[in-house]
Amino acid sequence: MSNIRKANISDISRIAEIIVVNYRNNFYPFFKNDEFYFGELNVIDLAKEYSENDENLKNTYVYDDKVVKGLIRIKGTEIEKLFIEPAFQSQGIGAKLLHFAIDNFGTDFLWVLEYNKRGIAFYERNGFKLTGEKMIEDEWVPLLKMSLENA
(Lines give C-alpha, C1' and ligand atoms only; values in the text may rest on other atoms or scores of the structure.)
Protein backbone atom coordinates (compact mmCIF):
# COMPACT_ATOMS: atom_id res chain seq x y z
CA MET A 1 0.00 0.00 0.00
CA SER A 2 3.01 2.23 -0.43
CA ASN A 3 1.22 4.12 -3.22
CA ILE A 4 -1.34 5.50 -0.75
CA ARG A 5 -0.43 8.67 1.08
CA LYS A 6 -2.02 11.60 2.84
CA ALA A 7 -3.17 14.26 0.39
CA ASN A 8 -1.37 17.58 0.42
CA ILE A 9 -1.97 21.05 -0.93
CA SER A 10 -0.32 20.24 -4.26
CA ASP A 11 -2.94 17.51 -4.85
CA ILE A 12 -5.95 19.81 -4.59
CA SER A 13 -6.52 20.48 -8.29
CA ARG A 14 -6.15 16.77 -9.13
CA ILE A 15 -8.54 15.79 -6.31
CA ALA A 16 -11.08 18.33 -7.57
CA GLU A 17 -10.70 17.06 -11.14
CA ILE A 18 -11.27 13.43 -10.13
CA ILE A 19 -14.35 14.33 -8.07
CA VAL A 20 -15.91 16.50 -10.79
CA VAL A 21 -15.37 13.87 -13.51
CA ASN A 22 -16.85 11.14 -11.30
CA TYR A 23 -19.88 13.20 -10.29
CA ARG A 24 -20.56 13.91 -13.94
CA ASN A 25 -20.13 10.26 -14.94
CA ASN A 26 -22.00 8.71 -12.01
CA PHE A 27 -24.69 11.25 -11.07
CA TYR A 28 -25.48 13.26 -14.19
CA PRO A 29 -27.00 10.34 -16.15
CA PHE A 30 -29.68 10.02 -13.46
CA PHE A 31 -30.36 13.65 -12.62
CA LYS A 32 -29.74 15.43 -15.97
CA ASN A 33 -29.13 18.74 -14.21
CA ASP A 34 -26.99 20.64 -16.72
CA GLU A 35 -26.79 23.81 -14.62
CA PHE A 36 -25.37 21.96 -11.63
CA TYR A 37 -23.12 19.33 -13.23
CA PHE A 38 -21.68 21.61 -15.93
CA GLY A 39 -21.90 24.97 -14.17
CA GLU A 40 -21.91 25.00 -10.38
CA LEU A 41 -19.82 21.84 -10.14
CA ASN A 42 -16.40 22.76 -11.46
CA VAL A 43 -12.76 22.09 -10.68
CA ILE A 44 -11.88 25.68 -9.71
CA ASP A 45 -14.63 26.05 -7.11
CA LEU A 46 -14.11 22.56 -5.68
CA ALA A 47 -10.35 23.12 -5.43
CA LYS A 48 -11.08 26.35 -3.57
CA GLU A 49 -13.33 24.45 -1.14
CA TYR A 50 -10.50 22.02 -0.44
CA SER A 51 -7.95 24.78 0.05
CA GLU A 52 -10.25 26.69 2.42
CA ASN A 53 -11.41 23.68 4.45
CA ASP A 54 -8.57 21.97 6.29
CA GLU A 55 -10.84 19.08 7.33
CA ASN A 56 -11.45 17.98 3.74
CA LEU A 57 -7.75 17.83 2.90
CA LYS A 58 -6.72 16.49 6.31
CA ASN A 59 -9.06 13.49 5.92
CA THR A 60 -8.19 12.73 2.29
CA TYR A 61 -5.73 10.11 1.07
CA VAL A 62 -4.64 9.59 -2.50
CA TYR A 63 -3.40 6.68 -4.57
CA ASP A 64 -0.26 8.05 -6.19
CA ASP A 65 2.08 6.02 -8.37
CA LYS A 66 3.60 9.16 -9.89
CA VAL A 67 0.08 10.14 -10.99
CA VAL A 68 -2.76 10.69 -8.52
CA LYS A 69 -5.28 8.14 -9.78
CA GLY A 70 -7.80 8.03 -6.95
CA LEU A 71 -8.78 9.34 -3.55
CA ILE A 72 -10.61 8.43 -0.40
CA ARG A 73 -11.96 10.84 2.21
CA ILE A 74 -12.68 9.55 5.70
CA LYS A 75 -14.73 11.05 8.53
CA GLY A 76 -14.57 9.04 11.73
CA THR A 77 -15.49 5.52 10.64
CA GLU A 78 -17.36 6.71 7.54
CA ILE A 79 -16.01 6.63 4.02
CA GLU A 80 -17.21 10.00 2.75
CA LYS A 81 -15.81 9.79 -0.77
CA LEU A 82 -14.05 7.17 -2.83
CA PHE A 83 -13.34 8.07 -6.43
CA ILE A 84 -10.98 6.71 -9.06
CA GLU A 85 -10.16 8.53 -12.29
CA PRO A 86 -12.32 6.70 -14.88
CA ALA A 87 -9.29 5.90 -17.06
CA PHE A 88 -7.82 3.93 -14.14
CA GLN A 89 -10.94 2.15 -12.88
CA SER A 90 -11.09 -1.66 -12.72
CA GLN A 91 -7.37 -1.89 -11.83
CA GLY A 92 -7.79 -2.59 -8.10
CA ILE A 93 -7.07 0.98 -6.97
CA GLY A 94 -10.48 1.46 -5.37
CA ALA A 95 -10.13 -1.78 -3.40
CA LYS A 96 -6.67 -0.76 -2.20
CA LEU A 97 -7.96 2.61 -0.99
CA LEU A 98 -11.00 0.99 0.63
CA HIS A 99 -8.94 -1.59 2.51
CA PHE A 100 -6.40 1.07 3.49
CA ALA A 101 -9.22 2.99 5.20
CA ILE A 102 -10.63 -0.14 6.87
CA ASP A 103 -7.24 -1.34 8.10
CA ASN A 104 -5.89 2.02 9.27
CA PHE A 105 -8.99 3.89 10.43
CA GLY A 106 -11.58 1.23 11.17
CA THR A 107 -13.97 2.60 8.58
CA ASP A 108 -17.10 0.49 8.53
CA PHE A 109 -19.86 2.34 6.66
CA LEU A 110 -20.65 4.63 3.75
CA TRP A 111 -23.53 6.07 1.76
CA VAL A 112 -23.82 5.17 -1.93
CA LEU A 113 -26.04 6.61 -4.66
CA GLU A 114 -29.10 4.36 -4.89
CA TYR A 115 -28.79 4.19 -8.70
CA ASN A 116 -25.08 3.36 -8.68
CA LYS A 117 -25.35 -0.39 -9.27
CA ARG A 118 -21.68 -0.68 -10.21
CA GLY A 119 -20.62 1.06 -7.00
CA ILE A 120 -22.93 -1.07 -4.86
CA ALA A 121 -21.54 -4.24 -6.47
CA PHE A 122 -17.98 -3.00 -5.84
CA TYR A 123 -18.65 -2.42 -2.15
CA GLU A 124 -20.41 -5.78 -1.83
CA ARG A 125 -17.39 -7.55 -3.38
CA ASN A 126 -15.28 -5.83 -0.73
CA GLY A 127 -17.31 -6.95 2.28
CA PHE A 128 -20.01 -4.30 2.61
CA LYS A 129 -23.73 -4.93 2.63
CA LEU A 130 -26.81 -2.77 2.27
CA THR A 131 -28.35 -1.98 5.66
CA GLY A 132 -31.81 -0.97 4.45
CA GLU A 133 -31.28 2.62 5.62
CA LYS A 134 -31.96 5.40 3.11
CA MET A 135 -31.25 9.11 3.12
CA ILE A 136 -32.00 11.98 0.74
CA GLU A 137 -29.02 14.31 0.36
CA ASP A 138 -29.40 17.87 -0.91
CA GLU A 139 -33.17 17.36 -1.17
CA TRP A 140 -32.99 15.10 -4.26
CA VAL A 141 -30.12 12.59 -4.13
CA PRO A 142 -31.23 9.15 -2.81
CA LEU A 143 -28.47 7.41 -0.89
CA LEU A 144 -28.31 3.92 0.61
CA LYS A 145 -26.25 3.02 3.65
CA MET A 146 -23.78 0.16 3.42
CA SER A 147 -21.80 -1.26 6.30
CA LEU A 148 -18.94 -3.69 6.64
CA GLU A 149 -20.38 -7.16 7.18
CA ASN A 150 -18.22 -8.03 10.17
CA ALA A 151 -18.64 -4.62 11.86
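The values are calculated or read from the model by the stated rules, or taken from the named source; none is laboratory data. None of these values were measured; they are calculated from a predicted model. Reconstructed Cβ throughout: ideal geometry from the backbone, glycine too, with neighbour counts over all protein chains shown.
Looking only at segment 73-97, how many residues end up being without any contact (Cβ under 8 Å) to a residue 60 or more places away in the chain and under 21 Å from Val20 (Cβ atoms)?
Number satisfying all stated conditions: 13.
Out of the residues in segment 21-43 that are under 16 Å from Glu80 (Cβ atoms) and assigned to a helix (DSSP H, G or I), which is farthest from the chain's Cα centre (by Cα)?
Taking segment 21-43 first, the residues under 16 Å from Glu80 (Cβ atoms) are 22-23, 26-27.
Then drop every residue that is not assigned to a helix (DSSP H, G or I), which leaves 22-23, 26.
Numbers: Asn22: 9, Tyr23: 9, Asn26: 11 Å.
Residue satisfying both the conditions and the ranking: Asn26.
Out of curiosity, is Asn26 touching a helix residue (DSSP H, G or I) at 6+ places or on another chain (Cβ under 8 Å) and of a type outside the set (Ser, Thr, Tyr)?
Details: touching a helix residue (DSSP H, G or I) at 6+ places or on another chain (Cβ under 8 Å): yes; of a type outside the set (Ser, Thr, Tyr): yes.
Yes; evaluated as a whole, the condition is true for this residue.
Report, by residue number, each residue of segment 108-125 that is without any contact (Cβ under 8 Å) to a residue 60 or more places away in the chain and in contact with a Gly (Cβ under 8 Å, 6 or more places away or on another chain). Working first, answer last.
Pass one, segment 108-125, residues without any contact (Cβ under 8 Å) to a residue 60 or more places away in the chain: 108-112, 114, 117-118, 120-125.
Hits for segment 108-125 are Val112, Phe122.
Every residue in segment 120-145 that is among the acidic types (Asp, Glu) and either farther than 17 Å from Asn26 by Cβ or in contact with a Leu (Cβ under 9 Å, 6 or more places away or on another chain) (or both), please.
As a first pass, look at segment 120-145 and keep what is among the acidic types (Asp, Glu): 124, 133, 137-139.
Selection gives Glu124, Glu133, Glu137, Glu139.
Could you check Glu35 against (1) charged (D, E, K, R); (2) at pLDDT below 95; (3) within 26 Å of Leu130 (Cα to Cα) and say which number it fails?
Here Glu35 meets the rest and fails (3).
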